[in-house]
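**Q** Let me give you the structure first, and then I'll get to my questions.
The values are calculated or read from the model by the stated rules, or taken from the named source; none is laboratory data. In this text the structure is predicted, and so the values were computed from the model without any measurement. As a convention, Cβ positions derive from the backbone with ideal geometry for all residues, glycine included, and neighbour counts pool all protein chains shown.
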Amino acid sequence: MQFEYESQPGRVVFGVDAVTNILGEIKRENLNKVLIITTRGRIAQAERVAELLGERCVGIYDNSVQHVPVEIVKSALLQVKKTNVDGIVAIGGGSSIGLAKAIALKTALPIIAIPTTYAGSEMTSIWGMTEGGRKITGIDPLVKAKVVIYDPKLTVNLPINITVTSALNAMAHCVAGLYAKNANPVTSLLAENGIEAFQKSLPKLIEDSMSMDARSEALYGTWLAGTVLGSVHMSLHHKLCHVIGGTCGLSHAETHSVMLPYVLSYNADHIPDAIKVLSHVFESNENDVSGALFDFSLSLGVPMSLEEIGMKKEEIEVVVNQISELSFYNPRPIEKQQIREMLKSAYQGIRPTV
Ligand code: NAD
């Protein structure tokens, strides 16, 4: 056994109603003036947090949108400068946390993150912004949240379609984490536990989306998946979803959710240990793990094909060319014709086979 393991600093507070102690967490970090960052849709939750913070909250910036456009970053930075804050509280999904990260990158202000989706950005040092339609990303420890508050109560109103695709996106991080080049025994344990948490909780959430037990389990999986994403390198799945999302303008979570069984099928013969883990979790034959993942998604009622989520057939070739030009690690080499075949199947939503 040979590996490198680096634990990531950061405090995690998890539990139903955990957010009610936000003031205690702010005091613990010695913060006196914070600005809340959120999206318009999360304004009610942001106002509640502002109320809990009292005079330590100087305001709410609710202009966060998907993909963190630089224009929004500039306007938020103006607000930060004007209010002279010593910390940022981000409440919402990856869009709110993404904007907080962009602010931290420029100002080194600490972030207290309160995620309300399963995207997992709060656990990583990865930042992203878009300028003129082009996404720029990077890694910087400055953007990693100092404190993350996971409160399942904040997720009960997450619409079931976003719940499932967002969770499958997180599950995809765990699956890719199982066969990452720099995986280690700790990240593999986290990844397996994360997959199990979603495998158990999602069917329960389809039956009762307000179940606090199932919401807690899914959010626990989110924490694990975010930790995996922040600890190991992703490969084909992640790269491909970014190319597809960027080229075809598709939803981040839906793209990940559709592609999960297909990329697994592409890699399956090259990742025997990961296949063993997945066949155990999904109680499937080792030769049909990608099929079992496809059946799992199907049972959750999410879109199953790239066509359904808005890709155009002629875009397949654009994606094939773009992904072939990138250089990254993947357990199976990038074989252009096989990638094309995989994308054709994913476009039609055909159950994958190894
Ligand atoms: P998001 O923040 O845009 O949220 C998706 C939608 O869900 C929004 O309409 C939002 O208003 C709504 N919503 C959020 N919480 C809700 C709740 N509790 N109840 C009801 N509605 C709610 O997007 P996301 O899916 O959370 O995150 C995707 C973004 O995060 C992408 O831009 C992706 O690139 C980024 N991301 C970054 C990292 C990283 O490490 N940097 C990791 C994962 C994702």
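**Q** Looking at the range 335-354, I want the residues that are at positive phi and have a partner that is modelled with pLDDT of 95 or more with Cβ atoms under 6 Å, at least 6 apart or on another chain. Which pairs are those?
**A** So the pair list comes out as GLY349/MET304; GLY349/SER305.
Conditions (1) surrounded by fewer than 20 Cβ atoms within 10 Å (Cβ to Cβ); (2) in contact with a Gly (Cβ under 9 Å, 6 or more places away or on another chain), marked per residue:
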| position | (1), (2) |
| --- | --- |
| LYS106 | yes, no |
| THR117 | no, yes |
| GLU122 | no, yes |
| ILE126 | yes, yes |
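**Q** Any idea how many residues of the range 318-340 are under 18 Å from HIS238 (Cα atoms) and either among the charged types (D, E, K, R) or not in a loop (DSSP other than H, G, I, E, B) (or both)?
**A** Total meeting the criteria: 14.
**Q** So, one more: Inspect all residues belonging to the range 68-76 and state whether any of them is surrounded by 24 or more Cβ atoms within 10 Å (Cβ to Cβ) and either in the same structural domain as LEU31 (by TED's automatic domain parsing) or within 10 Å of the ligand (Cβ to nearest atom) (or both).
**A** Among the residues of the range 68-76, at least one is surrounded by 24 or more Cβ atoms within 10 Å (Cβ to Cβ) and either in the same structural domain as LEU31 (by TED's automatic domain parsing) or within 10 Å of the ligand (Cβ to nearest atom) (or both), which makes the answer yes.
**Q** When you look at SER211, is it away from the ligand (no atom under 13 Å from the Cβ), surrounded by fewer than 19 Cβ atoms within 10 Å (Cβ to Cβ) and among the polar types (S, T, N, Q), yes or no? Quick ask: steps written out before the conclusion?
**A** Values: away from the ligand (no atom under 13 Å from the Cβ): yes; surrounded by fewer than 19 Cβ atoms within 10 Å (Cβ to Cβ): yes; among the polar types (S, T, N, Q): yes.
Spelling it out, SER211 is indeed away from the ligand (no atom under 13 Å from the Cβ), surrounded by fewer than 19 Cβ atoms within 10 Å (Cβ to Cβ) and among the polar types (S, T, N, Q).
**Q** Out of (1) in a loop (DSSP other than H, G, I, E, B); (2) under 14 Å from the mean Cα position of the chain (by Cα); (3) more than 15 Å from GLN45 (Cβ to Cβ), the odd one out for GLY98 is which?
**A** (1)
**Q** Give the residue that is farthest from LYS144 (Cα to Cα), with candidates limited to residues of the range 97-123 that are near the ligand (Cβ under 6 Å from one of its atoms) and among the small types (Gly, Ala, Ser).
**A** Result: ALA119.
**Q** List the pairs whose first member sits in the range 210-232 and is free of Cβ contacts under 8 Å to residues at least 12 places away in the same chain, whose second member is among the aliphatic types (A, V, I, L, M), and whose Cβ atoms are under 9 Å apart, counting only residues at least 6 apart or on separate chains?
**A** That search, which allows pairs on different chains as well, returns SER211/VAL156; SER211/LEU205.
**Q** Continuing with this model, one more query. Among the residues of the range 10-17, is any surrounded by 20 or more Cβ atoms within 10 Å (Cβ to Cβ) and under 23 Å from LYS106 (Cα atoms)?
**A** No, the range 10-17 contains no residue that is surrounded by 20 or more Cβ atoms within 10 Å (Cβ to Cβ) and under 23 Å from LYS106 (Cα atoms).
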